[in-house]
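A quick write-up on the structure given underneath.
The values are calculated or read from the model by the stated rules, or taken from the named source; none is laboratory data. Predicted model only: the values in this text are computed from it and were never measured. Positions of Cβ are backbone-derived with ideal geometry, glycine not excepted, and every protein chain shown enters the neighbour counts. We work out accessible area using only protein heavy atoms, side chains counted, and drop any ligands, DNA or RNA first. Shrake-Rupley method; radii C 1.70, N 1.55, O 1.52, S 1.80 Å.
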Amino acid sequence: MSNKIGRNSACPCRSGTKYKYCCEGKKNWNDIFRKGKSVILENLSLRGKNLYFYDVIIDALKFDLNTEPQMKIIKNACTEEAVLKIHEAILEIWPSLTDLTRVYEDISDDTTGFYSGFYSPKHIIRGVLRHTFYSDRILLMEPFQDPRLVREKYNPLHHPGDHIENTLIGLRFMLLLYPWVEAGLVSLIRSPASFDVRIQLDSMNAAKLRIKQHPVLEKILNESGFLKEQKEEMMEQLLLANPDSKIREMFLEFTPDASTNDIEKYLAYVQWKRDNHPFFTPMVSEDFKQTRSPLLMMTSGANYDLTRIITSLTQSHLITDMDFRWAEMKVDRETSGFINPKWEGFAKAFQQQSFSFLNDIPLHTALELRKENHIENLRTFLARLWRNNKLEDDLSDENIKILEEELRVSIQEAKIEWKSINRELRNWLGIDGVGAIVGIATPFASGNADLFLGGLGVAAILQLISNREKKHEFKIKHPAGFFLDLK
């Protein structure tokens with residue numbers, strides 16, 4: 001390692017920013033490097049810890065995260081040895097509560113949302129990434145079980161083979177989020193309960209007591225999609241786990257007139273499901289002998305009480321797609337009087353907006369918003385829109401409709417002005433000249449400005465520049481216009 005870190009070099013803490021804007025004058029990285037890996041890990045930024053974990057995953061599974069390997073390849077790579085390496089790394093990366101607190105404090109000045117809800121890919125894509133429009137970053141729990149919280153009998157360090165399915169669930173989640181984590185828009189964290197099991201137990205007991213005292217919560221939980229998804233996952237897992245002989249027997253029981261060809265087609269379909277299922281791996285041999293004792297877990301990241309601890313320590317707000325979680329918050333407000341004023345009511349209303357363009361946010365769109373320094377402008381606009389129109393009860397479902405209507409009006413106003421700017425340009429240049437605006441930067445960059453000027457003329461260039469300025473002003477005047485690119 002060089003004795004001197006360049007001020008314009010990427011900071012060794014892997015925050016993604018330059019050294020001069022990050023650790024310069026705060027940490028002696030040359031000294032840290034000399035002390036070895038454990039000290040390095042204790043000084044990494046949150047993004048740095050996340051990227052180190054991805055490095056471990058790459059080493060354990062032996063494939064490139066920038067590719068999209070088939071599920072069958074991932075499952076073949078997820079051996080007991082890989083499971084062990086991944087879970088050992090958790091203890092290395094998150095060594096103590098002191099280190100976790102340091103990381104929490106480092107991000108507490110950001111506008112940050114913590115997600116507690118459905119941890120499946122479709123829910124992450126449709127319900128979490130939309131919040132990057134006003135949040136500097138989204139926090140999610142790392143999806144792997146912390147060995148410190150598990151008894152030896154069920155511990156992934158002692159019985160890695162029983163945790164292959166859970167590890168595959170976590171890997172699917174990690175692979176989905178890798179580009180967002182690398183870009184610094186999503187971060188994966190650990191809970192304080194990892195270092196004190198009493199915190200975990202207290203939070204579980206508090207949740208049970210709340211449900212006991214407020215029976216309506218149990219009703220909402222039982223009717224929620226979370227339990228339904230868990231049941232469906234379990235039922236499919238059990239079906240696929242049966243040997244072919246048992247599946248053939250069950251198929252004939254329900255369709256006694258089935259031909260041999262029908263049976264073979266169904267068995268081929270079942271095998272295809274096994275190969276392409278994101279986390280199923282065989283656990284029963286053809287002679288019905290149990291080869292492993294898999295432990296299948298579904299998670300919401302953190303229960304309500306742990307979520308409250310984490311949002312308090314990170315100065316973040318709750319994001320969730322679980323009605324049950326919002327109901328818990330409402331009960332908590334009524335009993336404790338505590339209200340987090342930072343975005344929570346808005347997050348609930350924004351989570352349930354029906355605009356289709358919010359369901360699959362491209363990474364480049366979220367990055368462009370930050371690159372052009374428009375996120376603060378959009379955040380201010382959304383905060384003002386919310387503050388001026390919400391009901392006194394910010395968790396009321398009526399706010400969903402109110403926010404949607406106000407957003408729809410704002411987007412329509414932006415659309416009308418955008419059309420006006422383009423119409424003015426078309427009228428001035430004519431239809432053929434409009435295409436020139438797209439390539440305006442190319443001739444100047446390549447030194448061919450004379451050719452370009454010869455084609456359009458100085459007056460045309462000035463008009464294009466004028467319209468370009470109008471478009472920049474448009475983004476400031478109409479922050480909702482940002483959504484037009486997504487429609």
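In this view, the solvent-accessible surface of M71, computed with a 1.4 Å probe and all protein chains in place, comes to about 40 Å². Remark: the range 20-90 projects, on average over all directions, an area of 6.1 nm² (convex hull of Cα atoms).
What the Cβ-Cβ distance of N373 and I402 gives, at R0 = 30 Å and to the nearest 0.05, is a FRET efficiency of 0.55. Pairs exceeding 31 Å between alpha-carbon atoms, taken from K37/K273; K348/K477; K208/K246; K49/K72: K37/K273; K208/K246. Under the combined filter of DSSP loop state and at most 10 neighbouring Cβ atoms within 10 Å, the range 137-171 retains these trypsin sites (Lys or Arg not before Pro): R151. Taking a Cβ cut-off of under 13 Å around L97, the surrounding Lys, Arg, Asp and Glu residues balance to a net charge of -1, with basic ones at +1 and acidic ones at -1. The tail of the calculated P(r) for the range 306-381, taken as Cα-Cα distances beyond 17 Å, holds 58 percent of the pairs.
Positive-end ranking of L239, H159, L201 along the dipole of the range 146-263, with charges on Cβ about the Cα centre, is headed by L201. Length available on full extension from A383 to I58: 0.36 nm per residue minus the Cα-Cα distance, which gives 113.0 nm.
Each part reduced to its alpha carbon centroid, the range 19-50 and the range 80-142 end up 20 Å apart.
Once both labels are positioned 7 Å from their Cα atoms along Cα-to-Cβ, the gap between K265 and V197 label points is 5.4 nm. Rounded, prolate or oblate: which one fits the range 65-152, using the alpha carbon gyration tensor with axes a ≥ b ≥ c (rounded when a/c is under 1.5, else prolate when a/b beats b/c, else oblate)? Verdict is oblate for the range 65-152.
Once both labels are positioned 7 Å from their Cα atoms along Cα-to-Cβ, the gap between N8 and A207 label points is 5.1 nm. For K18, a cut-off of 17 angstrom between C-alpha atoms picks up these aspartates and glutamates, skipping any fewer than 8 places away in its own chain: D106, E182.
Leaving ligands, DNA and RNA out of it, work out the accessible area of D202 with a 1.4 Å probe and give it in Å² to the nearest 10. Per-residue accessible area (D202): approximately 100 Å². For the range 98-213, the share of accessible area belonging to carbon and sulfur comes to 50 percent (1.4 Å probe, ligands and nucleic acids excluded). Put a plus charge on the Cβ of each Lys and Arg, a minus charge on the Cβ of each Asp and Glu, and nothing anywhere else: the dipole of the range 135-184 about its Cα centre is then about 100 debye. Measure out, as a whole number of angstrom, how far apart the alpha-carbon centroids of the range 150-169 and the range 172-203 sit. With the range 150-169 and the range 172-203 each reduced to a Cα centre, they are spaced 18 Å.
For the range 1-53, the set of trypsin sites (Lys or Arg not before Pro) satisfying both a DSSP loop assignment and a count of at most 16 other C-beta atoms within 10 Å is given as K4, R7, K26, K27.
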